[in-house]
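Just below is one structure, and these are the notes that go with it.
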Amino acid sequence: MESLPHDTLQHIFSSLPLRQIMICRSVSKHLNQLLTSSCFIQHISTNSPPLHLLALRPPHHRHHHVSSPPCLHAFDPEQSRWLRFTLDFLPFRSPHPVASSSGLIYLWGDSPDSSDSNKSLLVCNPLTRQFRALPQLGSAWSRHGSVLVDSASRVMVLTELAALYFSGQGNQWLKFSSNLPSKPRSPILVRDSVFALCDVGSPWRSQWKLFACTISKLKSSQTWTRLEKHEWGDVFDILKRPRLVRGNGNRILMVGGLKSSFSLNSSCSTILILRLDLDSCEWDEAGRMPVDMFKCFQESSKFKVFGAGDRVCFSAKRLGRLALWDNSSGNAEWQWIDGVPGSGDGLCRGFVFEARLTPLP
């Protein structure tokens, strides 16, 4: 086989699914060299469907002196198995993945040239082992900012007071005032707009509202708009501790505990997933956690939500596994994900990782 021309071999292997291509890399040095070449990666990045994975963010309390090689753990729903992508090719200490888009991972890392905790925002592809550092930001943004990315490889770091925007042009960040009424909860980037939940209530009672701002307005007038309609009624009052998740197309999901009453400390009867169509501005119910599954979350006062599109994951303290809402087949199903790696408190955070052989821009 080694006597065949490279073009012929690349044509043969380009017909394989991405999973098989990654396995073939381990067969021999010759195949690894062939399947990691820039010309093959350039060809396959636009012709091979991605792997739709659910990646975990490392726990916040992980210490810097951990001796095990840094890695990214991701769950493959199609194969029902956990995958491990090594990050040992990054010359940065304590890499902390936070977001993903178009096959690329965005992560914070400690500068290798500094003894203090000076964070840099990096972008890499663990499948091609390529990386680059974005312009320097500083550690304050890594502690308080939410990193948002989209398919156009635009990057935003958002806080209550300010927003940083990077489009790759000019190799610098643009800084704008946020002017939000409170710290944004679970902000998401959908097409050309940013959406976030903000608490406009009192210190004694939370009142969540949905705010939006287009990137073009953020650059000019910094105007955030409160999205509400009379027809929506009490949609924001029926959920306890709501979060936003990016949906399919021009839709967003709002997830939270379904209150059993409107009292101040009302208990929840289940976890509800609502869906907002941004074109028609209408809500509908996308999913409701089964009662037997929700019983495992009732004992925990805190749970985390992550995902996008047709898959949303839920974690809780000391639960030891994840609950998954999967609507990828068009028929919503709920299932448990066991074997969660790590030894944290069970509160897993994460993001969707569409793994593909995307070359760095």
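Derivation of every value follows stated rules applied to the coordinates shown; laboratory data play no part. Please read these numbers as outputs of a predicted model, since none were measured by experiment. Quick reminder, even Gly has a Cβ in these numbers, built from the backbone with ideal geometry, and neighbours come from all protein chains shown.
What is the projected area of the convex hull of the Cα atoms of the stretch 1-49, averaged over all directions, in nm²?
Numbers: hull surface 12.2 nm².
Computed as one quarter of the Cα hull surface, the answer is 3.0 nm².
If amide hydrogens are placed 1.01 Å from N in the peptide plane, which non-local residues have theirs closer than 5 Å to the one on Phe92?
none
What is the fewest-to-most order of Ser48, Ser329, Ser267 by other Cβ atoms lying within 10 Å of their Cβ? Before the final figure, lay out the partial values.
On the way: Ser48 18, Ser329 8, Ser267 12.
The most exposed by this proxy come first: Ser329, Ser267, Ser48.
Give the Rg/Rh ratio for the stretch 135-191, taking Rg as the radius of gyration of the Cα atoms and Rh as the Kirkwood radius, to two decimals. Mind showing how you got there, number by number?
Working: Rg = 11.1 Å, Rh = 11.8 Å.
Taking Rh as the inverse mean 1/r over Cα pairs, Rg/Rh reads 0.94.
Based only on other Cβ atoms within 10 Å, what is the fewest-to-most ordering of Met1, Met293? Present the calculation step by step, with values, prior to reporting the outcome.
Numbers: Met1 9, Met293 16.
Fewest-to-most ranking of Met1, Met293: Met1, Met293.
Do the sum for the chain: with -39,500 (n - 2.57) for every DSSP H run of n ≥ 4, divided by all residues, what is the mean residue ellipticity at 222 nm, to the nearest 500 deg cm²/dmol? Each step should come with its number before you reach the end.
Details: 7 runs with 49 residues, N = 361.
Value at 222 nm, helices only: -3500 deg cm²/dmol.
Averaged over all directions, how much area does the convex hull of the C-alpha atoms of the stretch 227-361 cover when projected, in nm²? Working shown, then result.
Working: hull surface 42.8 nm².
Orientation-averaged projected area of the Cα hull: 10.7 nm².
Sorted by average packing, counted as other Cβ atoms within 10 angstrom per residue and highest first, what order do 139-150, 92-103, 330-341 take? Working shown, then result.
On the way: 139-150: 18.2, 92-103: 20.6, 330-341: 12.4.
Put in order of decreasing packing, that is 92-103, 139-150, 330-341.
For the residues Ile252, Ile41, Ile105, what sequence is obtained by ranking on other C-beta atoms within 10 Å, fewest first? Walk me through the numbers on the way to the answer.
Working: Ile252 21, Ile41 18, Ile105 26.
Final ranking by Cβ density, sparse to dense: Ile41, Ile252, Ile105.
Which of rounded, prolate, oblate describes the stretch 205-252, given a ≥ b ≥ c as roots of the alpha-carbon gyration tensor eigenvalues and a/c under 1.5 marking rounded, otherwise prolate only if a/b is larger than b/c? Present the calculation step by step, with values, prior to reporting the outcome.
Values: a/c = 2.00, a/b = 1.55, b/c = 1.29.
The shape class here is prolate.
Please list, or write none, the lysines whose alpha carbon is within less than 25 Å of the alpha carbon of Lys183, excluding same-chain residues fewer than 8 places away.
Reachable lysines: Lys119, Lys175, Lys209, Lys217, Lys219, Lys229, Lys240, Lys259, Lys302, Lys304, Lys317.
Per q in 0.06, 0.07, 0.09 1/Å, what log10 I(q)/I(0) does a Debye calculation on the alpha-carbon atoms of the chain return?
So the normalised log intensities work out to -0.24, -0.33, -0.55.
If r is the Cβ-Cβ distance from Asp279 to Leu16 and R0 is 41 Å, what FRET efficiency results, to the nearest 0.05? Write down the numbers at each step before the final one.
Values: r = 38 Å, r/R0 = 0.93.
Efficiency, from the Cβ-Cβ distance: 0.60.
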